[in-house]
Amino acid sequence: MKLSIIYRVRHGLEIFQVWVRSEALWLIVLAALIGAIAALVVQLMNFCSLSLHKILFNLDTEGRLSSLNWIDPWHCILIPALGGIILAFSRVLQKRYAWFSNKPVDAVEANALHGGKMSIKDSLYVVWQTLCSNGFGISLGLEAAYTQLSAAFGSYIGTGLRVRRSDMRILVGCCAAGAISAAFNSPLGGAFYAFETIIASYNLINLPPVLVASISAVTVIRLMGDAPPVILVAPTLAHLPDYGYVIAFALICSLIGIGVMILSTQTEKFFAYIKVPKFFRPAIGGLIVGSMAIDTPSIMGSGHGTLWMGLAGNISFELACFILVFKALASSISLGAGFRGGLFFASMLLGAVAGIVFGNLLIFMGIHSLTPLVYALIGTAVMAVTIIGGPLTMLFIALDMTDGYGSLNLVLLAVVASAVTVKKIFGYSFATWRFHLSGENIQSALDISWIRNLTVGCMMNEPLKTMHIKTTLQQARADFPIGQVYHVVLNDNDNQYCGMVSAENLFKQHSDLDAPLQSIAQYQDCALLPSMNVKEALDQMEKTNANELAVIHDWDKRYIIGILSKDYALMRYNVCLERDRQELAGERSRLRLGRKQ
């Protein structure tokens, strides 16, 4: 009987797998399911974080940690340091026993390089590290862990159903969309987070499942009664000069956001410069952040409570200045000290208090402009765009959180100004900045794995014949008649690469035909390695103005193993580019939509 039930379940899964692979409607059904799972992940992580706050900081209210006016100073100082010690011990154990990967793959990297493949086990380790940070009052958010674990579940389900690579990437995006939608009560914000950040494309194929996942997640979180509140920010009639002030404010926020990203890196370098062992860095960082939070706990945690207070008009100018400076420092120190977490909500809080400061400064200067609360609304979107990226994502999240669609033109203008400024001055969001620092050349979640897989080793041809470098021109002409080869590869007595001679150069008018080929050799110090990808190979050929280059095993022994032509590499590169273009446009999935043409 038990075997019969197992067989039926397995048979049912196989049938569903066929349906998902053959019909887009069932992918949408699957997206609704994993959107609900993402909402449950968000709810569970919020419960864990709030429970830690209540236990560790002795909270007796349902409020957020950052919304409190006072916490016992010893709690402020010691608990973040305790979180750092626990985090450090967990890393020591991880290094000794290797239970998890030292570099867990996040959703952006998974979609860009691994076809959406993620590990639930490694993602749980990321969640543990994040809770050791946020749950102990460190000035970082949970949003990165929301998307990490939710996307890992989507990847696991997709792997079990053996979905196509393109569908796997969509499922990962659906889970991330559901997580952000549930966290911010913003279905459009979550959907565009998937389009802009996780999938990095928008077409008819990925639109329905992503939207359905977002709606499913928001529906589940609202049915559970735990949706984030909507703080109404009444729109104010804008005049022509106000648009100039908004642009100026967007530029200021962009510079602050860039400063936060750079400061987090410089903090890490500072710890290394003063030679603090990695084990002690989180504890020291926790002590610093806790000491900064003694006067006000507003800088602790991700800042949900403080943001609601700011958008409701309950933060004074002086407190906003304090939070703007110390929240930026606390978040940067937290990251630089080695804590795990995101700047999603922290960046929105920084933007809100920056808006309160900017709006009040205009009032102090006698400039009649928008209210500070409208600038706070604009700041939540602008600062998040600067640090996190995703202009439409942050636009919709800010407007949904405040029901501020009456200020749509102002927020949209500020978001565009910020995005352009960051692109020109800095060129990275926080996610891509992390990849840049770790040596990964990832600008977005676009699938570029084919570039890494299309290597010189799989494209090269074996050289037709090599020739000794001391061979005379006359002998070489006899051995290689005109039209037989484009280049002759040269070697020495140890079969090491010594350069190339083009057929055109070989049959030029030479005064001394007894001269060795060495006298007219080219590219002696330029060759390809089999591990190079197609883009690196083409860049090398472009730099040397070569139509063909030899392939050697390595630069130590310089053994000749093949030759690669520029025309063939370009042809393979363009074929893959066209395939990517068709997938982005949805053309390769047209049959699945039932539109045979």
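The values are calculated or read from the model by the stated rules, or taken from the named source; none is laboratory data. Predicted model, so just to flag it, every value in this text is computed and none were measured. Reconstructed Cβ throughout: ideal geometry from the backbone, glycine too, with neighbour counts over all protein chains shown.
What the table shows:
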item: Some residue of segment 241-262 being farther than 30 Å from GLN94 by Cβ and of a type in the set (D, E, K, R); result: yes
item: Pairs with Cβ under 8 Å, 6+ apart, first in segment 240-262 and touching a residue at least 40 places away in the same chain (Cβ under 8 Å) and charged (D, E, K, R), second surrounded by 15 or more Cβ atoms within 10 Å (Cβ to Cβ) and part of a helix (DSSP H, G or I); result: ASP242/LEU410
item: Residue in segment 204-211 that is surrounded by fewer than 22 Cβ atoms within 10 Å (Cβ to Cβ), among the aliphatic types (A, V, I, L, M) and modelled with pLDDT under 90 present; result: yes
item: Residue check, GLY313 outside any helix (DSSP H, G or I), on the phi > 0 side of the Ramachandran plot and under 26 Å from the mean Cα position of the chain (by Cα); result: no
item: Residues located in segment 275-310, provided they are among the aromatic types (Phe, Trp, Tyr) and in a loop (DSSP other than H, G, I, E, B); result: PHE279, PHE280
item: Residue count for segment 320-335, restricted to those that are without any contact (Cβ under 8 Å) to a residue 12 or more places away in the chain and buried (at least 24 other Cβ atoms within 10 Å of the Cβ); result: 0
item: Residue that is nearest to PHE345 (Cα to Cα), among those in segment 192-225 that are free of Cβ contacts under 8 Å to residues at least 24 places away in the same chain and among the hydrophobic types (A, V, I, L, M, F, W, C); result: ALA194
item: Residue match in segment 187-197 (condition: charged (D, E, K, R), under 26 Å from the mean Cα position of the chain (by Cα), under 22 Å from VAL422 (Cβ atoms) and not in a loop (DSSP other than H, G, I, E, B)); result: yes
item: Within segment 527-557, considering residues that are free of Cβ contacts under 8 Å to residues at least 60 places away in the same chain and part of a loop (DSSP other than H, G, I, E, B), the one surrounded by the most Cβ atoms within 10 Å (Cβ to Cβ); result: ALA527
item: Residues of segment 106-126 satisfying the condition of being farther than 12 Å from ILE198 by Cβ and crowded, with 24+ Cβ neighbours inside 10 Å; result: SER123
item: ILE294 touching a Pro at 6+ places or on another chain (Cβ under 8 Å), surrounded by fewer than 24 Cβ atoms within 10 Å (Cβ to Cβ) and not charged (D, E, K, R); result: yes
item: Residue satisfying condition, being under 30 Å from ASN314 (Cβ atoms) and touching a residue at least 24 places away in the same chain (Cβ under 8 Å), within set SER181, SER150; result: SER181
item: Residue within segment 192-206 that is of a type outside the set (A, V, I, L, M) and in contact with a Pro (Cβ under 6 Å, 6 or more places away or on another chain) present; result: no
item: Failed item, numbered, when LYS566 is tested on (1) at pLDDT below 75; (2) assigned by TED's automatic domain parsing to the domain that holds MET459; (3) not small (Gly, Ala, Ser); result: (1)
item: Entirely in segment 423-526, the helices (runs of 4 or more DSSP H) that have 1 or more residues that are modelled with pLDDT of 70 or more and within 30 Å of ILE388 (Cα to Cα); result: 449-453
item: Residue list for segment 203-253, restricted to those being assigned to a loop (DSSP other than H, G, I, E, B) and either closer than 28 Å to GLN43 by Cα or in contact with a Cys (Cβ under 7 Å, 6 or more places away or on another chain) (or both); result: ASN206, MET224, GLY225, ASP226, ALA227, PRO228, PRO229, VAL230, ILE231, LEU232, VAL233
item: Test: GLY137 is more than 20 Å from the chain's Cα centre (by Cα), under 27 Å from VAL260 (Cα atoms), surrounded by 24 or more Cβ atoms within 10 Å (Cβ to Cβ) and not hydrophobic (A, V, I, L, M, F, W, C); result: yes
item: Inter-residue pairs, beta-carbon under 6 Å, first of a type in the set (A, V, I, L, M) and in segment 87-101, second buried (at least 17 other Cβ atoms within 10 Å of the Cβ), 6+ apart; result: LEU87/CYS132; LEU87/PRO282; ALA88/PRO282
item: Selection status of ALA272, under 22 Å from THR130 (Cα atoms), not in a loop (DSSP other than H, G, I, E, B) and not aromatic (Phe, Trp, Tyr); result: no
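Condition check ((1) farther than 19 Å from LEU349 by Cβ; (2) among the polar types (S, T, N, Q)) across all residues:
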{"residue": "MET365", "(1), (2)": "yes, no"}
{"residue": "SER369", "(1), (2)": "yes, yes"}
{"residue": "PRO372", "(1), (2)": "no, no"}
{"residue": "MET383", "(1), (2)": "no, no"}
{"residue": "TYR405", "(1), (2)": "yes, no"}
{"residue": "LEU410", "(1), (2)": "yes, no"}
{"residue": "ALA414", "(1), (2)": "no, no"}
